[in-house]
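Trainee: Can you keep this structure in mind? I'll have questions shortly.
No value in this document is a laboratory result; all are computed from the given coordinates. All values derive from a computational prediction rather than experimental measurement. Using ideal geometry, Cβ is built from the backbone for each residue, glycine included, and neighbour counts are taken over all protein chains shown.
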Amino acid sequence: MGAHTFILASDSYKGSATSQEVESSIAEGIRSLLPGATIYSYPVADGGEGTVAALVSAGKGTLRTRLVHGPLGDMAEASYAVLEDGSALIECAAASGITLTHQTEDEALRASTYGTGELIRDALDEGCRHILVGLGGSATTDGGAGMAEALGVRFLDSAGQSIGSGVAGLEELAEVDLSGIDPRLAACTFEALSDVQNPLAGPDGAVFVYGPQKGLPAARLSGLDRTLERYGELVSKAAGSDISCLPGAGAAGGLGAGLAAFCAAKISSGIDAVLDALSFDEHLGEADLVVTGEGRMDAQTAKGKAPVGIARRAARCGVPVAAIVGSCADDIEAVHEAGIDIVLSCVMAPSTLEECIEKTPDALRRAGRRLARIVALAERLR
């Protein structure tokens with residue numbers, strides 16, 4: 001049996017294992033059957049939570065930790081990365097994340113991205129002039145108003161007074177004042193990293209699609225959606241850039257819209273930016289198989305999540321792709337159509353969530369060994 005070359009590029013299993021832990025266990029399983037295998041490991045994320053950790057762990061950047069305002073106004077430590085080329089990589093989840101709240105109605109209504117703006121301001125102070133902002137895992141639906149406020153934008157009511165925080169505050173918005181915006185922004189380039197294409201408002205917008213999981217009250221969704229629509233109109237007028245129908249503007253509760261309007265950000269694929277930063281393509285030409293994965297694979301995976309972005313890269317070099325996942329939906333045909341050839345689940349028997357989490361390393365090792373057997377069988381069938 002000849003030597004084989006594998007590329008491992010898995011997202012994390014949220015609540016169970018980091019990307020690094022997932023790939024380490026899979027590699028152990030593969031080598032238990034194919035000890036001569038060459039394995040390249042690229043812990044990845046799609047621009048959301050875990051992106052900074054993935055790049056720092058790969059030696060592609062250094063961590064900066066600062067004290068900023070959390071989504072509810074309390075002070076909290078949040079970290080971002082300064083990459084090798086001097087760019088900054090910020091996750092909105094670090095300062096404005098849903099894990100920093102209890103998802104109550106009151107919290108969801110007043111949650112703000114102000115702390116994310118503080119991280120951007122700190123990156124500017126550090127001399128960063130290209131800033132990437134990952135748009136996953138936010139607690140907020142403020143359209144990026146808090147972020148912009150931290151950078152000098154004023155949001156005023158009909159009496160000329162500053163409005164309150166969060167989407168509840170936006171209900172009083174009458175004017176957007178850009179006169180005090182940080183002048184350094186004009187000399188910067190921004191990328192908003194997102195795996196979704198939702199507009200700011202409407203049935204596919206930030207309120208209706210993501211608001212309920214953040215705690216927004218069901219009875220107020222229609223009114224809050226109109227608030228974001230009105231916000232988009234006022235911001236577009238003030239910034240001279242129409243963000244109302246921009247794909248991805250609704251990501252992170254409208255933070256995509258705020259970054260596009262106030263920072264002239266380009267909304268781009270999070271996984272592609274991460275793969276570029278990791279120099280992922282370097283060994284693709286010599287790989288026999290790319291192995292990706294995530295905690296749960298379903299039809300949403302095909303809409304731009306990390307495993308499908310990785311499969312697109314592999315397809316350029318004609319390399320087949322396998323996915324090892326915690327669990328998968330019954331119908332994942334869309335995932336196969338998107339370029340993932342085979343999906344293996346770690347869970348082989350009925351188990352509680354607690355049991356699955358406890359047994360994740362062993363389950364991943366067994367899945368890696370099963371995949372190695374499939375590779376060995378395929379070679380015998382040639």
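Trainee: Compute the signed sum of charges (Lys and Arg +1, Asp and Glu -1) over the other residues within less than 11 Å, Cβ to Cβ, of A94.
Mentor: -2
Trainee: Which angle between 0 and 90 degrees, to the nearest 10, do you get for helix 306-316 versus the longest principal axis of the chain when only C-alpha atoms count?
Mentor: Taking the Cα atoms of the chain, the angle to 306-316 is about 60 degrees.
Trainee: Additional query: Compute the distance in nm between two label points, each set 7 Å from the Cα along the Cα-to-Cβ direction, one at H102 and one at A378.
Mentor: Going by the 7 Å Cα→Cβ label model, 5.0 nm.
Trainee: Taking 0.36 nm per residue of separation and subtracting the Cα-Cα distance, what length does fully extending S268 through L33 add?
Mentor: Full-extension gain reported as 80.7 nm.
Trainee: Could I ask something else about it? With springs only between Cα atoms under 10 Å, which of E28, E355, E233 fluctuates most in a Gaussian network model of the chain?
Mentor: Comparing E28, E355, E233 in a Gaussian network model of the chain, the most mobile one is E355.
Trainee: Could I ask something else about it? Note the full-extension length gain between T5 and T189 as 0.36 nm times their separation in residues minus their Cα-Cα distance, in nm to one decimal.
Mentor: The span from T5 to T189 would gain 62.5 nm if fully extended.
Trainee: Right, here's the next one. Give me P(r) over segment 51-271, computed from all C-alpha to C-alpha distances, binned every 5 Å, as integer percentages.
Mentor: Result, from short to long distances: 1, 8, 17, 22, 22, 16, 9, 4, 1, 0, 0 percent.
Trainee: If you bin the C-alpha pair distances of the chain every 10 Å from 0, what whole percents do you get?
Mentor: All Cα pairs considered, the percentages come to 5, 24, 30, 22, 12, 5, 1, 0.
Trainee: Let me ask something else. For helix 251-263, what angle does its Cα long axis make with the longest principal axis of the chain, in degrees from 0 to 90 and rounded to 10?
Mentor: 60 degrees
Trainee: A follow-up question, please. Using the alpha-carbon atoms, what tilt in degrees (0 to 90, nearest 10) does helix 19-33 show relative to the longest principal axis of the chain?
Mentor: Computed tilt is about 10 degrees.
Trainee: Go ahead and estimate [θ] at 222 nm for the chain from helices alone: -39,500 (n - 2.57) per DSSP H run with n ≥ 4, summed, over the residue count, rounded to 500.
Mentor: -11500 deg cm²/dmol
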